[in-house]
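J.: Have a look at the structure that comes next, please.
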C-alpha cells in the first residue's frame with residue numbers, strides 16, 4: 001500500500017479551493033511525484049456555511065485551528081490566509097505544533113519573514129513559498145536550486161499581473177487609467193481596492209523576496225525605490241510607441257561593483273524584446289547568471305490554478321523532504337551578514353525618457369538642455385511636437401528627450417530645476433529606459 | 001569548519017573544464033547553496049599531457065579510473081564523457097563503487113537509460129541529468145519537480161541549437177543549407193560531422209527524455225518520427241516568411257485522448273510568437289500543464305558555461321540529498337507500465353504547408369485539389385506563383401497550399417499521389433504548421 005502523508009489547508013479562498021481540488025481529484029499525480037498520497041485531513045475556515053466551489057469530504061472542514069495543531073499526524077500545512085494578522089499568529093502556532101508550512105503570502109514574508117524563518121529554524125521546521133512570487137512560474141525553485149552554480153548579476157521582470165493588464169488595456173485600447181482599472185476589476189484581474197498592485201508595493205515585496213534568494217541580500221521591501229502605474233498618462237504610452245517602446249512596470253535588481261541596485265518603476269522596454277511582448281495578466285522574469293547567461297521565464301502570474309499548482313508542488317517537495325534540505329542549506333532571512341550591500345539609488349545609472357510641457361517661447365529648449373548638461377546628462381534624441389489642440393488650448397508643445405546613461409540623483413535634480421523654469425509646466429514625466 | 005563533500009570529474013573536455021572552473025574558482029557559491037564545500041578530489045582523463053584551459057591542483061589529474069572508484073571519500077562524480085562506450089561501462093563501474101552520478105550524456109541515457117537507472121536503483125544510488133537537455137535551461141527539474149501538480153498536456157521546443165543556428169543563418173542571410181553549415185562549423189556551433197544534430201536525432205533523444213519525465217512514457221528515441229533540417233530549401237523559408245511564419249526544428253509531445261503523439265520536424269511557427277523569435281543557438285521550451293497553463297522557458301542550449309552550470313547544480317543537489325529523493329520517488333525508466341500509450345503517427349492531426357512544383361498546364365490545380373479532397377484534406381489557402389526564371393528555365397509554377405487539420409497518414413498518401421501526376425515534379429515539400 002502506498003505511504004500517506006496527512007496534510008491540511010488553512011483558508012479556503014480561491015487558491016485554497018484550487019489546492020483542495022488538486023489533492024482530492026488528482027491524487028495519482030502527487031502519488032507519482034511524491035511516491036505517496038497527500039491526504040487532505042483538515043481544512044480550517046472562518047465560516048462553515050460559506051458556499052465554496054469545491055466539495056470536501058465530511059469532517060474535513062472545521063473552524064478550529066487546534067484540530068490541525070493538535071493532530072500530530074498532520075505533517076504539512078498550506079497556510080493560505082492573506083494579510084498580516086491573523087496569518088502571522090497562525091504561522092507561528094503551526095510551526096510550534098511541529099508542522100512544515102507552505103504559503104503564498106508574500107506580504108507576510110516581506111514584513112515578518114525574518115521572525116518566521118528564525119522560528120522555523122529553531123524548531124527544525126521549514127517554510128516553502130514558491131507561490132508567493134509570479135504564480136505559476138516556478139522562479140523560487142529556479143533561483144534557489146536550478147541556478148545555484150551562478151552568481152546572478154541581474155534579474156528583472158513583470159511581477160504584477162494586475163498592473164500589466166491595466167497598462168496593456170491602456171496601450172491596446174487607448175483607455176485612460178481609470179477606465180482600464182474598471183475593466184480589470186470587471187474581469188477579476190484587479191481587486192476592489194487595487195492600491196497595493198498599482199502603486200508598486202506588491203512588485204516591490206516580490207522583488208525583495210527574489211533579491212534575497214538571488215543575491216543573499218536581506219532587503220526591506222519598504223525601502224525599495226518604487227513608482228507605480230497609477231499616475232501613468234496615455235500620452236506617454238503613445239510617445240513610447242512612436243519611439244519603438246512599450247511601457248512595463250518592471251521590478252529590477254542589478255549588481256554593480258558588488259553593490260545591489262533595486263527599483264520598481266514603469267520602464268520603456270524595446271518592442272520585440274521578450275519583456276515587451278508580455279501581455280495581459282502574464283508575468284515574466286529574465287535572470288542573468290555569470291555561467292548560464294540569460295534565462296527567460298514566462299507564464300501566468302496569478303489565478304486559482306496556476307497558484308495552486310505552485311502550492312501543491314511545494315507540498316510535494318515538503319512531504320518528500322526536498323524543502324527541508326533547501327531550507328536548512330539556504331539560511332534564508334538569517335542573521336548572517338548580507339553578502340551584498342544595497343547601492344545608494346541616487347547613484348544608480350540608467351537611461352531616461354523625459355517629457356516636458358513647455359510654452360512655445362524662444363530659448364526654452366536651450367534652457368532645458370543647459371540644465372541637463374549642467375547635471376552631466378547627455379541627450380540621445382529630442383523631439384518637440386505641438387500638443388493636440390483637443391488636449392490643450394494654450395500655446396504649448398511637448399518636449400520629449402531620451403538621455404544617455406545618467407544617475408537617478410542627477411536626473412531627479414535636473415527635472416526639478418527644469419520644472420521651476422517659467423516656461424515649463426509642472427507636469428514633467430521621467431521614466432527609466434531598459435538598455 | 002564547513003563540511004566538505006569530495007567529488008570527481010570524468011572527462012576534461014569543454015564541459016568538464018567548465019565544471020572544474022566553477023568548483024575551483026567559485027567555492028563560495030557551492031558553499032552558500034549546499035552548505036558545504038564541493039572539493040574536487042580527482043579528474044580522470046585519457047591523456048595527461050593534453051593542453052587544457054583550466055589549471056588543476058597537483059595530484060588531481062589521473063588517467064586511472066580506479067583512483068575514483070577505490071576512493072570511498074569521493075561521493076559524487078560528474079561523468080562527462082560523450083558517446084556510448086566507454087561511457088556506459090564507466091557509469092556502471094562508478095555506480096558499483098557507490099558513487100552518485102551526474103551526467104550530460106543524453107545519447108547514453110536515450111539508449112542505455114533503462115539499464116543504468118535499474119542498476120542505480122538496485123545499488124541505492126542516483127543519476128542526475130539536467131545538463132542532458134537544453135543546456136542552461138533547467139527543464140528537467142522544472143518538469144519533474146516544479147510542475148509536479150500538473151498533468152502536462154503538451155510540450156514543444158527548440159532543443160537543438162545547431163539546427164536553429166543553421167536555419168537562422170539561412171533565414172537572415174539567405175544562405176543555402178551547405179553555406180550555413182560551414183558558417184556554423186566556423187563559429188563552433190556545429191561539429192565536423194553535424195549529422196546527429198541536423199537530421200533530428202539529437203532533438204529526438206532529448207524529446208524522449210522529456211516525454212519520459214512529463215508523461216511517464218518510456219519512449220525509444222529511435223521510434224520517434226523525425227525529419228531534420230538537412231533537406232531544407234531556402235525557397236520554403238521565403239514562402240514561410242511571405243505567409244507570416246518562420247521555420248523551426250520543433251520537437252513536440254502532445255497528449256490526445258490519453259495517447260501521446262511525438263515528433264521532430266521542421267515546422268512553420270507564426271512570427272511574433274515566442275518560439276518563432278528564438279534565434280541563433282538558443283533553445284526554448286513551451287510546456288502546458290492543466291493547472292499552471294503555459295510556461296515558457298528560453299536560454300542558451302549549449303556551450304561550456306551554461307552546460308557546466310547545469311552539471312554543477314546537479315552536483316549540489318546530489319551532495320545535499322535532493323537528487324536522491326527525486327530519483328527514488330520518480331522511478332525513471334523503471335519496469336512499471338508506462339502510463340501513456342504512444343499514438344499511431346498516421347492518425348496524428350496537424351495543419352500542413354504543402355509546396356508542389358507543377359507544369360503550368362490547364363487543370364493541374366483541379367487535379368491536386370481533387371486528390372487532397374479525396375483524402376479528407378481541406379484547404380485553408382492556395383497561392384500559385386511563377387517560379388523565378390533564375391531558378392528554372394522550364395514553364396513551371398510553385399503551388400503552395402496551407403491545409404486545415406488533417407492526419408499525417410492522409411497528408412502523406414495525398415502527397416504521394418500528387419507526385420505521380422504527370423504535371424507534377426517529384427520535389428514536393430510537406431511541413432507541419434504550429435497551431
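J.: From (1) part of a helix (DSSP H, G or I); (2) away from chain A (no Cβ under 12 Å); (3) under 16 Å from the mean Cα position of the chain (by Cα), pick out the condition that doesn't hold for residue B:219.
T.: Condition (1) is where residue B:219 drops out.
J.: Further question: Can you tell me which residue within segment A:66-82, out of those that are more than 14 Å from every other protein chain (Cβ to nearest Cβ) and within 30 Å of the chain's Cα centre (by Cα), is farthest from residue A:129 (Cα to Cα)?
T.: Step one: of segment A:66-82, the residues more than 14 Å from every other protein chain (Cβ to nearest Cβ) are A:66-75, A:77, A:79-82.
Next, only the ones that are within 30 Å of the chain's Cα centre (by Cα) stay: A:75, A:77, A:79-82.
On the way: A:75: 16, A:77: 12, A:79: 10, A:80: 11, A:81: 13, A:82: 13 Å.
By that ranking, first place goes to A:75.
J.: Restricting the search to segment B:117-133, which residues are in contact with a helix residue (DSSP H, G or I) (Cβ under 9 Å, 6 or more places away or on another chain), part of a helix (DSSP H, G or I) and touching a residue at least 60 places away in the same chain (Cβ under 8 Å)?
T.: B:117, B:120, B:121, B:130, B:131, B:132
J.: Next up: If I go through segment A:195-224 residue by residue, how many of them are under 22 Å from residue A:177 (Cα atoms) and touching a strand residue (DSSP E or B) at 6+ places or on another chain (Cβ under 8 Å)?
T.: Looking only at segment A:195-224, we keep the residues that are under 22 Å from residue A:177 (Cα atoms), and these are A:195-204.
From what is left, the residues that are touching a strand residue (DSSP E or B) at 6+ places or on another chain (Cβ under 8 Å) are A:199-201, A:203-204.
Total meeting the criteria: 5.
J.: Checking the condition surrounded by 13 or more Cβ atoms within 10 Å (Cβ to Cβ) and without any contact (Cβ under 8 Å) to a residue 24 or more places away in the chain, which residue from A:329, A:403 passes?
T.: On the way: A:403 fails: without any contact (Cβ under 8 Å) to a residue 24 or more places away in the chain.
Checking each option against the conditions leaves just A:329.
J.: Right, here's the next one. Would you check if residue A:322 is more than 30 Å from residue A:415 (Cα to Cα), within 10 Å of chain B (Cβ to nearest Cβ), buried (at least 21 other Cβ atoms within 10 Å of the Cβ) and free of Cβ contacts under 8 Å to residues at least 12 places away in the same chain?
T.: Working: more than 30 Å from residue A:415 (Cα to Cα): yes; within 10 Å of chain B (Cβ to nearest Cβ): yes; buried (at least 21 other Cβ atoms within 10 Å of the Cβ): yes; free of Cβ contacts under 8 Å to residues at least 12 places away in the same chain: yes.
When the stated conditions are applied, residue A:322 passes them.
J.: Taking residue B:12 and the conditions (1) under 29 Å from the mean Cα position of the chain (by Cα); (2) surrounded by fewer than 21 Cβ atoms within 10 Å (Cβ to Cβ), which numbered condition does it fall short on, given that it satisfies the others?
T.: Of the numbered conditions (1) under 29 Å from the mean Cα position of the chain (by Cα); (2) surrounded by fewer than 21 Cβ atoms within 10 Å (Cβ to Cβ), the odd one out for residue B:12 is (2).
J.: Another question about this same structure. More than 14 Å from chain A (Cβ to nearest Cβ) and out of contact with any helix residue (DSSP H, G or I) (no Cβ under 8 Å at 6 or more places or on another chain), is that true of residue B:191?
T.: Values: more than 14 Å from chain A (Cβ to nearest Cβ): yes; out of contact with any helix residue (DSSP H, G or I) (no Cβ under 8 Å at 6 or more places or on another chain): no.
It is false that residue B:191 is more than 14 Å from chain A (Cβ to nearest Cβ) and out of contact with any helix residue (DSSP H, G or I) (no Cβ under 8 Å at 6 or more places or on another chain).
J.: Can you name the condition, by its number, that residue A:98 falls short on among (1) surrounded by 19 or more Cβ atoms within 10 Å (Cβ to Cβ); (2) at positive phi; (3) more than 14 Å from chain B (Cβ to nearest Cβ)?
T.: Result: residue A:98 fails condition (1) only.
J.: A further question follows. How many residues are within 14 Å of chain A (Cβ to nearest Cβ) and buried (at least 18 other Cβ atoms within 10 Å of the Cβ) if we restrict to segment B:256-273?
T.: Going through segment B:256-273, the residues within 14 Å of chain A (Cβ to nearest Cβ) turn out to be B:258, B:270-273.
Retained after the next criterion (residues that are buried (at least 18 other Cβ atoms within 10 Å of the Cβ)): none.
Of the residues in segment B:256-273, 0 are within 14 Å of chain A (Cβ to nearest Cβ) and buried (at least 18 other Cβ atoms within 10 Å of the Cβ).
J.: Could you figure out which of (1) surrounded by fewer than 24 Cβ atoms within 10 Å (Cβ to Cβ); (2) within 30 Å of residue A:32 (Cα to Cα); (3) within 13 Å of chain A (Cβ to nearest Cβ) isn't true of residue B:316?
T.: (1)
J.: Okay, next question. Could you check segment A:57-87 and list, in sequence order, the residues that are over 21 Å from residue A:47 (Cβ atoms) and touching a helix residue (DSSP H, G or I) at 6+ places or on another chain (Cβ under 9 Å)? Quick ask: steps written out before the conclusion?
T.: Going through segment A:57-87, the residues over 21 Å from residue A:47 (Cβ atoms) turn out to be A:70-76.
Of everything in segment A:57-87, those that are over 21 Å from residue A:47 (Cβ atoms) and touching a helix residue (DSSP H, G or I) at 6+ places or on another chain (Cβ under 9 Å) turn out to be A:74, A:75, A:76.
J.: Here is a further query. What about residue A:316, is it outside the structural domain of residue A:421 (by TED's automatic domain parsing) and free of Cβ contacts under 8 Å to residues at least 60 places away in the same chain? Spell out how you get there, then give the answer.
T.: Details: outside the structural domain of residue A:421 (by TED's automatic domain parsing): yes; free of Cβ contacts under 8 Å to residues at least 60 places away in the same chain: no.
Taking the combined requirement at face value, the residue does not satisfy it.
J.: Just for segment A:285-304: of the residues that are over 13 Å from residue A:134 (Cβ atoms) and buried (at least 24 other Cβ atoms within 10 Å of the Cβ), which one is nearest to the chain's Cα centre (by Cα)? Can you show your working first?
T.: Initially, segment A:285-304 is screened for residues over 13 Å from residue A:134 (Cβ atoms), giving A:288-295, A:304.
Filter once more, so that each one left must be buried (at least 24 other Cβ atoms within 10 Å of the Cβ): A:289, A:291-292, A:295.
Details: A:289: 20, A:291: 25, A:292: 23, A:295: 18 Å.
Checking each candidate, the answer is A:295.
J.: Could you go through segment A:296-311 and let me know if any residue there is in a strand (DSSP E or B), at pLDDT below 95 and more than 9 Å from chain B (Cβ to nearest Cβ).
T.: Scanning segment A:296-311, I find no residue that is in a strand (DSSP E or B), at pLDDT below 95 and more than 9 Å from chain B (Cβ to nearest Cβ), so the answer is no.
J.: Here is a check on your reading of the model: is residue B:192 free of Cβ contacts under 8 Å to residues at least 24 places away in the same chain, more than 29 Å from residue A:18 (Cα to Cα) and in a helix (DSSP H, G or I)? Give the derivation first.
T.: Details: free of Cβ contacts under 8 Å to residues at least 24 places away in the same chain: yes; more than 29 Å from residue A:18 (Cα to Cα): yes; in a helix (DSSP H, G or I): no.
Here the answer is no, as residue B:192 does not meet what is asked.
J.: If you check A:388, A:376, A:335, which single one turns out to be in a loop (DSSP other than H, G, I, E, B), in contact with a helix residue (DSSP H, G or I) (Cβ under 8 Å, 6 or more places away or on another chain), more than 8 Å from chain B (Cβ to nearest Cβ) and modelled with pLDDT under 95? Can you show your working first?
T.: Numbers: A:388 fails: in contact with a helix residue (DSSP H, G or I) (Cβ under 8 Å, 6 or more places away or on another chain); A:376 fails: modelled with pLDDT under 95.
Of the residues listed, the single one that is in a loop (DSSP other than H, G, I, E, B), in contact with a helix residue (DSSP H, G or I) (Cβ under 8 Å, 6 or more places away or on another chain), more than 8 Å from chain B (Cβ to nearest Cβ) and modelled with pLDDT under 95 is A:335.
J.: Tally up the residues in segment A:134-155 that are within 8 Å of another protein chain (Cβ to nearest Cβ) and either part of a loop (DSSP other than H, G, I, E, B) or over 25 Å from residue B:142 (Cβ atoms) (or both), please.
T.: Start the filter on segment A:134-155 by keeping residues that are within 8 Å of another protein chain (Cβ to nearest Cβ), which leaves A:136-138, A:141-142, A:144-151.
Restricting the remaining residues to those that are either part of a loop (DSSP other than H, G, I, E, B) or over 25 Å from residue B:142 (Cβ atoms) (or both) gives A:136-138, A:147-151.
Residues flagged as within 8 Å of another protein chain (Cβ to nearest Cβ) and either part of a loop (DSSP other than H, G, I, E, B) or over 25 Å from residue B:142 (Cβ atoms) (or both) within segment A:134-155 amount to 8.
J.: Report yes if residue B:163 is out of contact with any helix residue (DSSP H, G or I) (no Cβ under 7 Å at 6 or more places or on another chain) and within 21 Å of residue B:264 (Cα to Cα), otherwise no.
T.: Numbers: out of contact with any helix residue (DSSP H, G or I) (no Cβ under 7 Å at 6 or more places or on another chain): no; within 21 Å of residue B:264 (Cα to Cα): yes.
When the stated conditions are applied, residue B:163 does not pass them.
J.: When you scan segment A:349-356, do you find a residue that is at positive phi and in contact (Cβ under 8 Å) with a residue 40 or more places away in the chain, even just one?
T.: Quick first cut of segment A:349-356, residues at positive phi only: none.
Looking through segment A:349-356, none of the residues is at positive phi and in contact (Cβ under 8 Å) with a residue 40 or more places away in the chain.
J.: Follow-up. Can you tell me which residues in segment A:22-37 are more than 10 Å from chain B (Cβ to nearest Cβ) and under 12 Å from residue B:149 (Cβ atoms)?
T.: Initial filter on segment A:22-37 (more than 10 Å from chain B (Cβ to nearest Cβ)): A:24-25, A:27, A:37.
A:25, A:27, listed by residue number.
J.: In addition: If you go through segment B:391-407, how many residues are outside any loop (DSSP other than H, G, I, E, B) and at pLDDT 95 or above? Let's see the steps before the verdict.
T.: Residues of segment B:391-407 outside any loop (DSSP other than H, G, I, E, B): B:396-403, B:406-407.
Retained after the next criterion (residues that are at pLDDT 95 or above): B:400-403, B:406-407.
Result for segment B:391-407: 6.
The values are calculated or read from the model by the stated rules, or taken from the named source; none is laboratory data. In this text, all values refer to a predicted model and were calculated from it rather than measured experimentally. Because the Cβ atoms are built from the backbone with ideal geometry, glycine has one as well, and the counts that use them run over all protein chains shown.
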